[in-house]
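Scroll down for the structure; my scribbles are underneath it.
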Amino acid sequence: MFKHLITLIVLFSLSFTLFAQKQVTIDFKAEVPADETIRQGVLENGLTYYIRANAVPENRAEFFLVNNVGAMQETPMQNGFAHLVEHMCFNGTTNFEKKDIIHYLESIGMKFGPEINAYTVYDQTVYTLNKVPIETKENIDTSLMILFDWATNVTMATDEINAERLVVREELRTRSSAISRMRDETNKVLFEGSKYAVHNIIGTVDVIDHSPVDTLRAFYNDWYRPDLQAIIIVGDIDVDKMEAKVKSIFSKLPTTKNPKERIEHQIPNHKGIKVALAQDKESPYSIIQATYKKDVNKVKNQEYYYHEHLSALYGIMINNRLNEQSQAVDAPFMQAFSRYSNMVRTKDAYTSFAVTANDKIKIGLESILMENERVLKFGFLETELDRAKKELFSANEKGFKERNKRKSESFASSIKSNFLSNEPIPSIEWDFGFVNDFMQKVTLEQVNALASEWITDDNMVVQIWAPEKEDVDMPTEAEVLAIIAKVHKAELVQYVDAEANKPLIAKIPTAGTIVKEETKDGITRWTLSNGVKVVIKTTNYKEDEILMQAYSNGGWSKTKMKDDVSAKIAAKVVDMSGLGDFDNISLQKKLAGKNISIYPYIGQLSEGINGSSNVSDFNTLLKLNYLYFTAPRADEDAFTNYKEQTAAELANKSANPQSVFFDSLRQNMIQHNPRQRVMTAEMLNEAKLSRIKYIFGERFGDPSGFTFYFVGNIDIDAQKDTILTYLGGLPTVSRTETYTDLGIRMPQERVENHFQKEMETDKATVFVGFTGQSKKISIEDELMFQMVKEYLDNRYMETLREEIGGTYGASSWSSVSHSPVSEYYIGVFYDADPAKLDTMLYVTYKEMENLIANGPSEIVIKNTVENKLKEHAEKVKENKWWISTIKSDDINNQDFINFDYEAFWKGLTPKKVKKFAKKYFDTKRTVEIVQTK
């Protein structure tokens, strides 16, 4: 799909003194200065702390505990311990019994998963409390106590360990996919000779099930210690007061006598090329990775920082070339990219990656290596560098402009990298000044020199993952080496850079006028002289963002069944074809450095265009929108490329258990309506380019039926002429149209589909849900569905995961639609231990029936109310909430904008929820889909 997710720039030659960045002259030997707004220190016991004030979002703070500990600290008999310890930190500490950490945080409006979480990887274990409401001193003090307990006071009760073993085993079951199995297999070669080849983070079933509890406690006591820990606090706080609290509390962390040495495990260098091949019957893709391993640069000074920016320019240019190749007819790969990045703590890598069709693995490998070789021999061109500089500069410019709107979580994540890897954390102002100076000094020769530094046969590993099936052209190790040798000897020519210097629009349209205007609730509405409607909401939530959504009734419901495939892919083919006088490649070059995202869609009941830009590129955004209506393209080559790429994606779908399950679920939820068939490679032959052109032209042929919504930092007076020119100047025919009801409905009676699928992992996958219809679903009803979803999430976490140990997690889903009829569903999805399936299904229904019979408990309602009020207070400071809510209010004739959320949520009672559940949920209208081995 053509989405120019291309970053922004005002004309490159504008004086940088327009901005308040620091003036920086790069000095390779100098350190990168740390952001002075970050208060940093090290306590006597060795604990490092970082504290920063940041008021976005307001009245919220991030609390991180970062442990410089991961799977690399395990012994062979402890494989998986670092991850299991992470789980145990949520299962009882000195000050919080059992699940009381989660219970407390939920009581102040936080949600387990999005805001209460942790992760473990090879070299680190990190605990995160995101967007903690800090209006009260208690919330701050308790959050600090939680971090303290995680750091030293986890109780590791035997019964809790044994219960959590079951959860981790189910996590292993859920995560056991074709990709994970192939990755583990080829990692033995990629990381050969190191612990990374053996320790896969989640561990083995044997260790999870049978390791003695004392050894797990010993791992925690050995490695969770202040000299390997950091506290990070960023938010709407007083730094001095917070620092005093941190010193008072965390100075009490005990040091460890005779601490174990933390070893930075190395991946040995090797001469020559290694090849790692893996196949799996369930693999959804054929994937190639050519990895050139490099030692990390431990000196993180300004020379290192300069090199990082050179790497970014190189990545932009090589990926532009690969993207160009992917758009050709008979392309060697579906997608490809190359990048230089950190692989593990002690190793960096330049990696070239491609996804190919089953019969194009060899040519795909040859193509990505050939492009590396071309750069090695000839380098890039000045024209390519000019575009890359625009993109890199503009990305940094956006960060600078949004510096006062940057979220606390983003700052905390950057600080985390400083503690773990000594990554620089300069101020945004200094960083932008550095980029300013870098842009003046960087040369093409410097960027081109990276190729010989990175692309070498020594330390190179080629990994190939592919489905295990007959049509896969899987190379042998000898064939891979032969391809590499062929590439080295190839007689290559320099890349030819064809640029288009024409204007996007040759003739500026005649502007329309405003024939009707009204402003209410801070929302301005215009009707233009050509019938186009415009809705504008000006905000200051982002300094340099304008969102756009255009909407019209109709969609592919207006087409005949014989045109279904053509209609459903029409917008994608047009998107891949370019616009006006520009094919897709030349258009992307034309837009280099502009912060513009725009794409059309044709849905079942509507069509539209979604987009965004920065303030300075708003004019270009509307020009592109104008071209979608007046000069769309549907090229033969783009059509062929789309069919080839999609057929390759679909070729392995039936072997993937997850894909098969969700296809079955979707088909049962629409009662196998023939207008919503599951797409297959064979169905693509039904598409006709002539029909694609006609359908897109017919759907977008009358802009008078469209409403354009704009939300963001949009100055209405300054942008009025642009809007009147490119929206008011659209030619229209003023037809009246709505969608056609195709009779696609959810089932209104019980549906049960249990089926078997051949798979490697013995796993049951389950969906159980209620469906129904209503004459009208009110705002209150929609919020009640959210309440029920939270209830089910809470109960299934307690029962299916914690009490039974039958799943890693159960996720509740709810959906409400108002057109063509008001209908809904709410249900739960999970993977499960097949041996416990009957029990799991029994409990699934029991919790639903308990809701209908008794309603939720007071504590579930209280926690949900706190969460929803907190969530709403955060959402209304986001442009994306406003644009989606204004649009949906218009479409559904509702008024979420002025709805009294606080009164609704604070007025909830178990009785009200019970009444709602009885009205909407009937066990005779349930959908039960179960897939087993």
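The values are calculated or read from the model by the stated rules, or taken from the named source; none is laboratory data. Treat the numbers as computed from the prediction; the structure is a model and nothing was measured. All Cβ positions, glycine included, derive from the backbone under ideal geometry; neighbour counts span all protein chains shown.
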Quiz item: Out of all the residues in the range 105-138, which are over 22 Å from the mean Cα position of the chain (by Cα), surrounded by fewer than 18 Cβ atoms within 10 Å (Cβ to Cβ) and touching a residue at least 24 places away in the same chain (Cβ under 8 Å)?
Solution: SER107, GLU135
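One residue is enough: does the range 329-337 have a residue meeting the conditions assigned to a strand (DSSP E or B), small (Gly, Ala, Ser) and out of contact with any His (no Cβ under 6 Å at 6 or more places or on another chain)? Full working, then the answer.
So in the range 329-337, the residues assigned to a strand (DSSP E or B) come out as 335-337.
If we keep only those that are small (Gly, Ala, Ser) too, we end up with 336.
When the remaining residues are screened for being out of contact with any His (no Cβ under 6 Å at 6 or more places or on another chain), the result is 336.
Yes, the range 329-337 contains a residue that is assigned to a strand (DSSP E or B), small (Gly, Ala, Ser) and out of contact with any His (no Cβ under 6 Å at 6 or more places or on another chain).
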Practice problem: Report the residue count in the range 496-544 for those that are aliphatic (A, V, I, L, M) and free of Cβ contacts under 8 Å to residues at least 40 places away in the same chain. | Solution: 2
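Just to be sure I understand, how many residues within the range 721-736 are at pLDDT 95 or above and of a type outside the set (A, V, I, L, M)? Before the answer, list the steps.
Within the range 721-736, the first condition is being at pLDDT 95 or above, and the residues that meet it are 721-731.
Among the residues that remain, those that are also of a type outside the set (A, V, I, L, M) are: 721-722, 725-726, 728-729, 731.
Residues that pass the stated criteria total 7.
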Quiz item: Is at least one residue of the range 21-43 outside the structural domain of GLN440 (by TED's automatic domain parsing), charged (D, E, K, R), farther than 20 Å from ASN422 by Cβ and at pLDDT 95 or above?
Solution: no
Exercise. Kindly check whether there is at least one residue in the range 439-453 that is charged (D, E, K, R), over 25 Å from ARG339 (Cβ atoms) and either modelled with pLDDT of 95 or more or not assigned by TED's automatic domain parsing to the domain that holds THR620 (or both).
Key: no
Exercise. For TYR350, state whether it is in contact with a helix residue (DSSP H, G or I) (Cβ under 8 Å, 6 or more places away or on another chain), more than 17 Å from VAL462 (Cβ to Cβ) and among the aromatic types (Phe, Trp, Tyr).
Key: no
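Here is a yes/no grid of residues against (1) in a strand (DSSP E or B); (2) not acidic (Asp, Glu):
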| site | (1), (2) |
| --- | --- |
| ILE777 | no, yes |
| ASP781 | no, no |
| VAL788 | no, yes |
| SER815 | yes, yes |
| GLY827 | yes, yes |
| ASP831 | yes, no |
Practice problem: Give the residue that is farthest from ASN54 (Cα to Cα), with candidates limited to residues of the range 228-249 that are part of a strand (DSSP E or B) and not polar (S, T, N, Q). | Solution: ALA230
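From LEU627, LEU622, grab the single residue that is surrounded by 22 or more Cβ atoms within 10 Å (Cβ to Cβ) and either modelled with pLDDT of 95 or more or not in a loop (DSSP other than H, G, I, E, B) (or both). First the steps, then the outcome.
Working: LEU627 fails: surrounded by 22 or more Cβ atoms within 10 Å (Cβ to Cβ).
Only one candidate passes the filter, namely LEU622.
What number of residues in the range 900-923 are under 18 Å from LEU792 (Cβ atoms) and of a type in the set (S, T, N, Q)?
From the range 900-923, those under 18 Å from LEU792 (Cβ atoms) are 905, 908, 910, 912-923; that's our starting set.
Then drop every residue that is not of a type in the set (S, T, N, Q), which leaves 923.
Result for the range 900-923: 1.
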Practice problem: Report yes if some residue within the range 569-591 is more than 23 Å from ALA687 (Cβ to Cβ), among the β-branched types (Val, Ile, Thr), in contact (Cβ under 8 Å) with a residue 12 or more places away in the chain and surrounded by 22 or more Cβ atoms within 10 Å (Cβ to Cβ); otherwise report no. | Solution: no
Quiz item: Restricting to the range 346-379, what's the tally of residues that are touching a strand residue (DSSP E or B) at 6+ places or on another chain (Cβ under 6 Å), in a helix (DSSP H, G or I) and small (Gly, Ala, Ser)?
Solution: 1
Quiz item: So which residues in the range 266-320 are part of a loop (DSSP other than H, G, I, E, B) and either buried (at least 19 other Cβ atoms within 10 Å of the Cβ) or hydrophobic (A, V, I, L, M, F, W, C) (or both), if there are any at all?
Solution: ILE267, GLU282, SER283, PRO284, TYR285, VAL296, VAL299
Practice problem: State all residues of the range 514-563 that are assigned to a loop (DSSP other than H, G, I, E, B) and under 25 Å from SER597 (Cα atoms); if no residue qualifies, say none. | Solution: VAL532, THR539, ASN540, TYR541, LYS542, GLU543, ASP544, GLU545, GLY554
Exercise. Would you check which residues across the range 139-169 are among the acidic types (Asp, Glu) and touching a residue at least 24 places away in the same chain (Cβ under 8 Å) and list them?
Key: ASP141, ASP149, GLU160, GLU164
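Yes/no matrix, rows are residues, columns are (1) of a type outside the set (Ser, Thr, Tyr); (2) over 22 Å from the mean Cα position of the chain (by Cα); (3) at pLDDT 95 or above; (4) within 26 Å of ALA485 (Cβ to Cβ):
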position: ASN319; (1), (2), (3), (4): yes, no, yes, yes
position: ASN323; (1), (2), (3), (4): yes, no, yes, no
position: SER326; (1), (2), (3), (4): no, yes, yes, yes
position: VAL329; (1), (2), (3), (4): yes, yes, yes, no
position: SER338; (1), (2), (3), (4): no, no, yes, yes
position: MET343; (1), (2), (3), (4): yes, no, yes, yes
position: ALA357; (1), (2), (3), (4): yes, yes, yes, yes
position: LYS360; (1), (2), (3), (4): yes, yes, yes, yes
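Could you count how many residues in the range 780-817 are closer than 29 Å to THR740 by Cα and surrounded by 16 or more Cβ atoms within 10 Å (Cβ to Cβ)? First the steps, then the outcome.
The first filter runs over the range 780-817 and keeps only residues closer than 29 Å to THR740 by Cα, leaving 780-783, 785, 813-817.
Still in the list and also surrounded by 16 or more Cβ atoms within 10 Å (Cβ to Cβ): 781-783, 785, 814, 816.
Within the range 780-817, residues that are closer than 29 Å to THR740 by Cα and surrounded by 16 or more Cβ atoms within 10 Å (Cβ to Cβ) number 6.
Residue by residue, here is whether (1) part of a helix (DSSP H, G or I); (2) touching a helix residue (DSSP H, G or I) at 6+ places or on another chain (Cβ under 8 Å); (3) within 23 Å of ILE108 (Cβ to Cβ) holds:
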residue	(1), (2), (3)
ASP123	no, yes, no
ASN139	yes, no, yes
LEU144	yes, yes, yes
ARG169	yes, yes, no
LEU172	yes, yes, no
ARG181	yes, no, no
ASP184	yes, no, no
GLY193	no, no, no
ASN200	no, yes, no
Self-check item: Residues located in the range 632-670, provided they are touching a Leu at 6+ places or on another chain (Cβ under 9 Å) and either among the hydrophobic types (A, V, I, L, M, F, W, C) or not in a helix (DSSP H, G or I) (or both)
Solution: PRO632, ARG633, ALA634, ASP635, PHE639, ALA647, LEU650
Self-check item: Failed criterion for ALA218 (all others in (1) within 16 Å of ASN162 (Cβ to Cβ); (2) surrounded by 14 or more Cβ atoms within 10 Å (Cβ to Cβ) hold)
Solution: (1)
Exercise. Scan (1) surrounded by fewer than 17 Cβ atoms within 10 Å (Cβ to Cβ); (2) assigned to a helix (DSSP H, G or I); (3) not β-branched (Val, Ile, Thr) for the single condition MET840 breaks and write down its number.
Key: (1)
Self-check item: Residue count, the range 463-521 (criterion: at pLDDT below 95 and aliphatic (A, V, I, L, M))
Solution: 3
Practice problem: Specify the residue that is nearest to ASP123 (Cα to Cα); the eligible residues are those in the range 387-438 that are part of a helix (DSSP H, G or I) and of a type in the set (A, V, I, L, M). | Solution: LEU420
Practice problem: Tell me, please, whether a residue that is closer than 23 Å to ARG750 by Cβ and assigned to a strand (DSSP E or B) can be found in the range 796-810. | Solution: yes
